[in-house]
Amino acid sequence: MSFYADHVFPVVLDIATRPLMPQRKALIAAAKGRILEIGIGTGANLPFYSDLASEIVGIEPDRAMLAKAQQMAAKSHTAAVVKLAIDDAQNLQFPNDSFDTVIMCLVLCTIPDPVKAVQEAYRVLKPDGQLLFLEHVRAPSTMVARLQNWATPAWKHLGCGCHLNRDTESTIHSAGFRFLHIERYQHPKMMTLGASMIQGVAVKS
């Protein structure tokens, strides 16, 4: 990867997503059992896991990011076993029905093939396993959505592949998941083009 992707972007990402800290904490605290966090990045979510977690498997395609996650794991006070590895969300190296919970937190905007990634999440979840998600998505406002479409080609370069305009709710539903709970909202502290959020729980049915 580039110097920007390895050293600058992780800092920018941390600053940009700080307004979502309460939502991230609530999402991660609900994870239970054997957990797969897809796109664990720098490991910023590791301090938020509760005693419900017995094992946390974090995957990340970027080695520089994963190195930071390993440092975070070493400082984490979680009682769960933490395992980190390089892996591709679009082709997970785990058997079917392997996890009780899968976490997708601010990652589906960046994965090149989000449909394949969600299908893989569905595959590795146990029957009735839960997908916990928090993602910025295509805006419900037609005007803002058009601006997202216009800005995304340039934004992808600045955001290391991040898309502003993905219909992630439809992607999750099309993989076979059933929503147990979903919130759709505009985050007041995020920039307008990235403020449309979905958050919730989907189950493997």
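Here the 3J(HN,Hα) profile of the stretch 131-136, calculated from phi with Karplus coefficients 6.51, -1.76 and 1.60 at θ = phi - 60°, is 9, 9, 9, 9, 9, 8 Hz, Gly and Pro shown as x. For T110, the residues 5 or more places off, or on other chains, whose built amide H falls under 5 Å of its own are H163. For V82, nonlocal amide neighbours, meaning residues 5 or more places apart or on other chains whose placed amide H falls under 5 Å from its own, are I56.
Scanning residues 5 or more positions from G129 or on other chains, those with amide H under 5 Å from its amide H are K204, with H placed 1.01 Å from N in the peptide plane. List the lysines whose alpha-carbon lies under 27 Å from that of K156, not counting same-chain residues fewer than 8 positions away? Within the straight-line limit of under 27 Å, K156 reaches these lysines: K25, K68, K116, K189.
Note on the stretch 24-74: Kirkwood radius taken over Cα pairs, Stokes-Einstein applied at 10 °C and 1.306 mPa s, translational D equal to 145 µm² s⁻¹.
The numbers here are math on the coordinates, done by the rules we state, and not lab data. What you see is a predicted model, and the numbers here were worked out from it, not measured in a lab.
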